[in-house]
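Participant: After the structure tokens below, expect a handful of questions from me.
The values are calculated or read from the model by the stated rules, or taken from the named source; none is laboratory data. Worth saying up front: this structure is predicted, and the values here are computed from it rather than measured. Every residue, glycine as well, gets a Cβ built from its backbone with ideal geometry; the counts of neighbours run over all protein chains shown. Accessible surface areas use protein heavy atoms only, side chains included; no ligands, DNA or RNA. Shrake-Rupley method; radii C 1.70, N 1.55, O 1.52, S 1.80 Å.
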Amino acid sequence: MTTPTTPTTPTTPTTLTTLTTPTTLIDGIGLLYTGDPEREEITDAALVVEDGVVAWLGPAAQAPDADERVHVGGRAVLPGFVDSHAHLIFAGDRTAEFEARMSGQPYTGGGIRTTVAATRAASDADLATHARALVEEMLAQGTTTVEIKSGYGLSAEHERRSLEIATTLTDETTYLGAHVVPEGADADDYVRLVTGEMLDACAPYAKWVDVFCERGAFDGDQTREILNAGIKAGLQARVHANQLTEGPGVRIACELGAASADHCTHLSAADVDALASSGTVATLLPGAEFSTRSPYPDARLLIDAGVTVALATDCNPGSSFTSSMPFCVALAVREMGMTPLEAVRAATYGGARALRRTDVGWLRQGARADLVVLDAPSYVHLAYRPGVPLVHQVFQAGLLL
């Protein structure tokens, strides 16, 4: 694993209450899901928070003294969710497109261009306000770390401003100039723009580079060229891969050492083997299949092959307009062959792996104190009681929301 980075708390409109005492004991935890493979679950547990990180955790009977105590009344506690795939910088909506899909029209990805027009017409202030509202929704549902992509600007100016806004909300920003080719543009000319002027404008505001590798978007050669240009500019790779059809996206992601291949809906045996023999995480986005009435990915196949799996919302206005990780956990259990434990693991530890983070996604000594307190005795209730607002409290870097 990589060396933990120093966490920076994203800016959000949520009012945070500082725990003003040096150490805080959180006890009365009926079940603590840590996300740590060495000790994933502790019953009758407690933990101590100091300076925004976990200073101690274990059985409540062994808890050290602390300056302040928070008793959670037998509730379950788990790490904050890590949403490693979201498109939050946009304007407008695609309600009509959704309604048409629910009436039988297939999803093709073409509606992205509709959002591009609305996003280009919106002011910086409107884009920022809307994105902050979505981050606030995510926080209320337990997501304490979120990745945000560009991709609805598709010009050097508009992609840059999207990423500049995203940097005010998270450290995990992704340059997705290669979302689709804009209306009327020549594909080769656009790839040159994405790997040249647009990349130069966007790289200072991005940590990651991404490509929608799919029929109707970017082919394998274009994907490889764009990712290599981003890597040369100092960005790390992730790929939209194999969402609508089988294709080269997953294998290119593994070949180039991408942190994650996202969607992974249509996989060949070679794709699964490539993921299993690489460090690339398979990030599954069940909200997209729910919203497009498409086949769900086979998470059971991936997990049984030894692939690290993450869950994310894919929050976007076209194919998955949900900000709820608990909803995606429930879908993963019901539709993708995951157990409740595997789904919660994928939404926390898996998401952190997809972002190459070791300071979030689990609870262990030295990890950031991102905690979700459920109004339930177990994380199983996230799937057992779908749609019920079970998040009772959220702590982010030791701050109680």
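Participant: Among Leu199, Leu256, Pro295, whose Cα sits farthest toward the positive end of the charge dipole of the chain (+1 at Cβ of Lys/Arg, -1 at Cβ of Asp/Glu, about the Cα centre)?
Facilitator: Farthest along the dipole direction, towards plus: Pro295.
Participant: Now a separate question. For the range 269-310 and the range 226-255, what is the centre-to-centre distance using only Cα atoms, to the nearest Å?
Facilitator: 15 Å
Participant: Calculate log10 I(q)/I(0) of the range 270-335 for q = 0.12, 0.27 Å⁻¹, where I(q) comes from the Debye formula with a single equal point scatterer on each Cα and nothing for solvent.
Facilitator: -0.31, -1.13
Participant: Right, next: Return, for the Cα atoms of the range 24-99, the radius of gyration and Dmax in Å, separated by a comma.
Facilitator: 18.3, 57
Participant: How do 279-288, 127-136 rank on mean C-beta neighbours within 10 Å, highest first?
Facilitator: Per-residue Cβ counts within 10 Å, averaged per peptide and sorted highest first, yield 279-288, 127-136.
Participant: If you average 1/r over all unlike Cα pairs in the chain and invert the result, what Kirkwood radius do you get in angstrom?
Facilitator: Hydrodynamic radius (Kirkwood, Cα pairs) of the chain is 21.1 Å.
Participant: Quick one: what are the phi-derived ³J(HN,Hα) couplings along the range 26-33, Karplus 6.51/-1.76/1.60 with θ = phi - 60°, whole Hz, x for glycine and proline?
Facilitator: Values, residue by residue: 9, 10, x, 7, x, 9, 9, 8 Hz.
Participant: As a check on your grasp of the helix formula, calculate [θ] at 222 nm for the chain: sum -39500 (n - 2.57) over DSSP H runs of n ≥ 4, divide by the residue count, round to the nearest 500.
Facilitator: Only helices count here, giving -8500 deg cm²/dmol.
Participant: Looking at the chain only, what percent of DSSP beta bridges run antiparallel? Nearest 5 please.
Facilitator: Looking only at bridges with both residues in the chain, the antiparallel portion is about 45 percent.
Participant: Right, here's the next one. Tally Lys/Arg at +1 and Asp/Glu at -1 over every other residue whose Cβ is under 12 Å from the Cβ of Glu197; what's the total?
Facilitator: Overall, the nearby charge balance is -2.
Participant: What is the range 57-102 by shape, rounded, prolate or oblate, if you read a ≥ b ≥ c off the alpha carbon gyration tensor as root eigenvalues and call it rounded for a/c under 1.5, prolate for a/b larger than b/c, and oblate otherwise?
Facilitator: Because a/c hits 1.5 or more and a/b exceeds b/c, the range 57-102 counts as prolate.
Participant: For the range 118-159, treating each Cα as an identical point scatterer without solvent, what Debye log10 I(q)/I(0) comes out at q = 0.32, 0.33, 0.35 1/Å?
Facilitator: So the normalised log intensities are -1.12, -1.14, -1.19.
Participant: Also: Distance in nm between label sites at Asp304 and Ala133, each 7 Å beyond Cα in the beta-carbon direction?
Facilitator: Taking the simple label geometry, Asp304 and Ala133 are separated by 4.4 nm.
Participant: With a 1.4 Å probe and all protein chains left in place, how much accessible area per residue does the range 24-174 have, in Å²?
Facilitator: Spelled out: the 1.4 Å probe surface of the range 24-174, per residue, equals 38 Å².
Participant: Where both residues lie in the range 35-182, what percent of DSSP beta bridges are antiparallel, nearest 5?
Facilitator: Of the beta bridges lying entirely in the range 35-182, close to 50 percent run antiparallel.
Participant: Sorted by accessible area with a 1.4 angstrom probe, largest first, how do Tyr379, Tyr384 fall?
Facilitator: Tyr384, Tyr379
Participant: Rounded to the nearest 10 Å², what accessible area does Asp65 have for a 1.4 Å probe in the complete protein model?
Facilitator: Accessible area, nearest 10 Å²: 150 Å².
Participant: By the gyration tensor of its Cα atoms, with a ≥ b ≥ c the square roots of the eigenvalues, what is the shape of the range 336-376: rounded for a/c under 1.5, prolate for a/b over b/c, or oblate?
Facilitator: Here the range 336-376 falls in the oblate category.
Participant: How large is the charge dipole for the chain, taken about the Cα centre, if only the Cβ atoms of Lys, Arg (+1) and Asp, Glu (-1) carry charge, to the nearest 20 debye?
Facilitator: It comes to approximately 280 debye.
Participant: Then there is this: If we count every other residue with Cβ under 11 angstrom of Ala376's Cβ, Lys/Arg +1 and Asp/Glu -1, where does the sum land?
Facilitator: Around Ala376, the surrounding residues sum to +1.
Participant: Applying a 10 Å radius around every beta-carbon, put 303-316, 144-157, 94-107, 25-38 in order of their mean neighbour count, most first.
Facilitator: Averaged packing, sorted descending, gives the order 144-157, 303-316, 25-38, 94-107.
Participant: Taking amide H positions as placed in the peptide plane 1.01 Å from N, state which residues far from Thr283 in sequence (5 or more) or on other chains have amide H under 5 Å from it.
Facilitator: Those lying under 5 Å, H to H, from Thr283 are Ala261, Asp262, His263, Ala310.
Participant: Also, quick follow-up: Taking only Cα atoms, what is the 0 to 90° angle, nearest 10, from helix 325-335's long axis to the longest principal axis of the chain?
Facilitator: Its long axis makes an angle of about 80 degrees.
Participant: Could I ask something else about it? So, in nm, how far is label Gln62 from label Ala276 when the simple model puts each one 7 Å beyond its Cα toward the Cβ?
Facilitator: 3.7 nm
Participant: Next question, about the same structure. Regarding the range 114-250, what are the three Cα extents along the principal axes, ordered largest first, in Å?
Facilitator: Taking max minus min along each principal axis of the Cα atoms, the range 114-250 gives 40, 29, 29 Å.
Participant: Further question on the same structure: Using modelled amide H (1.01 Å from N, peptide plane; none on Pro or chain starts), what sits under 5 Å from the amide H of Val72, excluding residues fewer than 5 places away?
Facilitator: Residues meeting the amide H criterion: Asp27, Gly28, Ile29.
Participant: Which of rounded, prolate, oblate describes the range 345-401, given a ≥ b ≥ c as roots of the alpha-carbon gyration tensor eigenvalues and a/c under 1.5 marking rounded, otherwise prolate only if a/b is larger than b/c?
Facilitator: Judged from the Cα gyration tensor, the range 345-401 comes out oblate (a/c at least 1.5, b/c at or above a/b).
Participant: Out of the DSSP beta bridges found with both residues in the range 256-401, what percent are antiparallel (nearest 5)?
Facilitator: Percent antiparallel among DSSP bridges in the range 256-401 is about 55.
Participant: Going 7 Å from the Cα of Glu183 along its beta-carbon direction, which residues of the range 109-151 have the amide nitrogen within less than 13 Å of the resulting point?
Facilitator: 110-121
Participant: Please report, as a whole percent, how much of the solvent-accessible surface of the chain comes from carbon and sulfur atoms (probe radius 1.4 Å).
Facilitator: For the chain, the apolar C and S fraction of the accessible surface comes to 50 percent.
Participant: In addition: How large is ³J(HN,Hα) for each residue in the range 203-212, as worked out from phi by the Karplus curve 6.51 cos²θ - 1.76 cosθ + 1.60 (θ = phi - 60°), to whole Hz, x for Gly and Pro?
Facilitator: Per-residue couplings from phi come out as 3, x, 10, 10, 9, 10, 10, 9, 9, 8 Hz.
Participant: Counting only other residues whose beta carbon sits under 14 Å from that of Tyr33, what net charge do I get with K and R as +1, D and E as -1?
Facilitator: That sum, taken over residues with Cβ under 14 Å, equals -3.
Participant: For the range 252-401, take N as its residue count and report Rg(C-alpha) divided by 2.2 N^0.38 Å.
Facilitator: 1.04
Participant: Further question: Taking θ as phi - 60°, what are the ³J(HN,Hα) couplings along the range 64-70 by the Karplus curve (6.51, -1.76, 1.60), each to the nearest whole Hz, with x for Gly and Pro?
Facilitator: Per-residue couplings from phi come out as x, 5, 9, 6, 9, 10, 10 Hz.
Participant: Mean 1/r over all different Cα pairs, inverted: what Kirkwood radius does the range 77-161 give, in Å?
Facilitator: 14.4 Å
Participant: Under a plain spin-label model, where a point goes 7 Å from the Cα along Cα-to-Cβ, how far apart in nm are Ala269 and His392?
Facilitator: Spacing of the two 7 Å Cα→Cβ label points: 4.9 nm.
Participant: Compute the acute angle (0 to 90°) between the alpha-carbon long axis of helix 156-166 and the principal axis of greatest extent of the alpha-carbon atoms of the chain; round to the nearest 10°.
Facilitator: Here the helix axis deviates by roughly 10 degrees.
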